[in-house]
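A.B. asks: Okay, here's the structure, questions in a sec.
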Amino acid sequence: MGFQIAIDGPAGAGKSTVAKELAKRLAFTYLDTGAMYRTLGLAAELSGCWPETFEDRIRLCDNTDIDVRFLEGNQHIFLNGRDVSGDIRTEHCGRLASDISKYPEVRSRLVTMQQKLASGMNVIMDGRDIGTVVLPDAQMKIFLTADVEERAARRYKELKGKGQEPVFEEILAQVKERDIQDTTRSASPLTRAKDGIVVDSTNLSFNEVIAVILAIYGERAKQ
Ligand code: DC
């Protein structure tokens with residue numbers, strides 16, 4: 001078995017940026033599991049009819065080909081052969097992902113895929129249920145969090161940086177709504193694993209977060 005690092009936490013805590021940087025520094029493979037839920041959510045929307053029933057959702061999973069490939073070290077995700085890595089990075093797709101991820105039958109399909117992708121590799125995986133469900137035996141589990149206002153402020157800045165005109169109150173409401181949906185669903189809700197280490201990034205810079213996690217890794221790798 002390779003060395004597995006699980007990073008879970010709420011939307012906007014910086015999981016993917018942190019996980020990507022750690023993967024680079026440690027020469028691990030980075031797997032973004034949210035991208036799979038986003039892609040399936042997009043597939044559901046493109047089908048023209050939201051899968052309301054269990055049978056609809058099984059059909060959606062059966063008829064949707066999601067493929068994860070690594071091109072020059074970066075994860076790309078393909079929906080029925082089309083690279084949708086860029087398309088899924090919208091707030092709308094985040095919402096679709098959160099909606100589709102409520103269903104246990106959907107989760108079990110994607111979890112199986114994620115476990116296969118991770119097997120035998122040195123991997124950093126981020127999501128909501130990595131330490132609790134996907135990689136319960138991971139050697140290191142981080143629960144990366146930050147105050148909701150801080151997460152909304154970061155998202156606001158990011159959108160501003162992209163030349164958009166976001167409204168802070170709207171962003172804050174979206175982040176809060178996603179927190180509620182991800183933590184209160186009955187199937188694998190977002191929760192810290194018993195052996196998960198909380199890293200609260202509210203008052204830490206990006207480099208400080210990386211340093212804290214690398215220090216934890218240094219300790220774990222010695223064991
Ligand atoms: O990390 P993200 O914003 O790309 O995730 C989008 C949504 O997908 C998130 O709101 C909940 C869901 N998700 C999940 O349920 N389990 C995961 N392992 C990853 C994401």
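A.B. asks: For residues that are in a strand (DSSP E or B) and surrounded by 15 or more Cβ atoms within 10 Å (Cβ to Cβ), scanning just segment 70-94, find the one that is modelled with the lowest pLDDT. Give the derivation first.
C.D. replies: Initial filter on segment 70-94 (in a strand (DSSP E or B)): 70-71, 74-79, 82-83.
Restricting the remaining residues to those that are surrounded by 15 or more Cβ atoms within 10 Å (Cβ to Cβ) gives 75-79.
Details: 75: 92, 76: 96, 77: 98, 78: 98, 79: 98.
For segment 70-94, the residue satisfying everything is 75.
A.B. asks: When you check residue 185 against the structure, is it surrounded by 13 or more Cβ atoms within 10 Å (Cβ to Cβ), within 16 Å of the ligand (Cβ to nearest atom) and over 26 Å from residue 109 (Cα atoms), yes or no? Spell out the reasoning first.
C.D. replies: Values: surrounded by 13 or more Cβ atoms within 10 Å (Cβ to Cβ): yes; within 16 Å of the ligand (Cβ to nearest atom): yes; over 26 Å from residue 109 (Cα atoms): no.
It is false that residue 185 is surrounded by 13 or more Cβ atoms within 10 Å (Cβ to Cβ), within 16 Å of the ligand (Cβ to nearest atom) and over 26 Å from residue 109 (Cα atoms).
A.B. asks: Still on this structure, I have one more. Please state which one of 145, 112 is touching a Gly at 6+ places or on another chain (Cβ under 6 Å), of a type in the set (S, T, N, Q) and either more than 17 Å from residue 45 (Cβ to Cβ) or surrounded by fewer than 20 Cβ atoms within 10 Å (Cβ to Cβ) (or both). Give the derivation first.
C.D. replies: Working: 112 fails: touching a Gly at 6+ places or on another chain (Cβ under 6 Å).
None of the other options fit; the residue is 145.
A.B. asks: State all residues of segment 112-123 that are of a type outside the set (Gly, Ala, Ser) and touching a residue at least 60 places away in the same chain (Cβ under 8 Å); if no residue qualifies, say none.
C.D. replies: Within segment 112-123, 113, 114, 117, 121, 122, 123 meet the criteria.
Yes/no matrix, rows are residues, columns are (1) within 16 Å of the ligand (Cβ to nearest atom); (2) within 13 Å of residue 6 (Cβ to Cβ); (3) aliphatic (A, V, I, L, M); (4) touching an Asp or Glu at 6+ places or on another chain (Cβ under 7 Å):
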site: 142; (1), (2), (3), (4): yes, yes, yes, no
site: 158; (1), (2), (3), (4): yes, no, no, no
site: 179; (1), (2), (3), (4): yes, no, no, no
site: 212; (1), (2), (3), (4): no, no, yes, no
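A.B. asks: Separate question: Would it be correct to say that residue 97 is part of a helix (DSSP H, G or I) and near the ligand (Cβ under 8 Å from one of its atoms)? Give the derivation first.
C.D. replies: Numbers: part of a helix (DSSP H, G or I): yes; near the ligand (Cβ under 8 Å from one of its atoms): yes.
Spelling it out, residue 97 is indeed part of a helix (DSSP H, G or I) and near the ligand (Cβ under 8 Å from one of its atoms).
A.B. asks: While we're looking at this one, here's another question. Of the conditions (1) aliphatic (A, V, I, L, M); (2) over 30 Å from residue 167 (Cα atoms); (3) part of a helix (DSSP H, G or I), residue 42 fails just one. Which one is it?
C.D. replies: Among (1) aliphatic (A, V, I, L, M); (2) over 30 Å from residue 167 (Cα atoms); (3) part of a helix (DSSP H, G or I), residue 42 violates only (2).
A.B. asks: Have a look at 62, 126, 67, 56 and point out the one that is part of a strand (DSSP E or B) and without any contact (Cβ under 8 Å) to a residue 24 or more places away in the chain. Even if it seems obvious, please write down each step before you answer.
C.D. replies: On the way: 62 fails: part of a strand (DSSP E or B); 126 fails: without any contact (Cβ under 8 Å) to a residue 24 or more places away in the chain; 56 fails: part of a strand (DSSP E or B).
After ruling out the rest, the residue left standing is 67.
A.B. asks: Do the conditions hold for residue 197, that is, is it within 16 Å of the ligand (Cβ to nearest atom) and either over 16 Å from the mean Cα position of the chain (by Cα) or hydrophobic (A, V, I, L, M, F, W, C) (or both)? Before you say what the answer is, go through the steps one by one.
C.D. replies: Working: within 16 Å of the ligand (Cβ to nearest atom): no; either over 16 Å from the mean Cα position of the chain (by Cα) or hydrophobic (A, V, I, L, M, F, W, C) (or both): yes.
Judged against the criteria, residue 197 is not a match.
A.B. asks: What number of residues in segment 1-60 are among the charged types (D, E, K, R) and surrounded by 23 or more Cβ atoms within 10 Å (Cβ to Cβ)?
C.D. replies: Taking segment 1-60 and keeping what is among the charged types (D, E, K, R), we get 8, 15, 20-21, 24-25, 32, 38, 45, 52, 55-57, 59.
Then drop every residue that is not surrounded by 23 or more Cβ atoms within 10 Å (Cβ to Cβ), which leaves 8, 15, 38.
Counting residues in segment 1-60 that are among the charged types (D, E, K, R) and surrounded by 23 or more Cβ atoms within 10 Å (Cβ to Cβ) gives 3.
A.B. asks: Right, another one. Does any residue in segment 177-195 that is of a type outside the set (Ser, Thr, Tyr) come within less than 6 Å, Cβ to Cβ, of a residue that is surrounded by 18 or more Cβ atoms within 10 Å (Cβ to Cβ) and in a loop (DSSP other than H, G, I, E, B) six or more places away or on a different chain, and which pairs are these?
C.D. replies: From segment 177-195, the pairs are 178/11; 179/10; 182/128; 182/190; 190/128.
The values are calculated or read from the model by the stated rules, or taken from the named source; none is laboratory data. Computed from a prediction, not measured in an experiment: that's the story for all the values here. Positions of Cβ are backbone-derived with ideal geometry, glycine not excepted, and every protein chain shown enters the neighbour counts.
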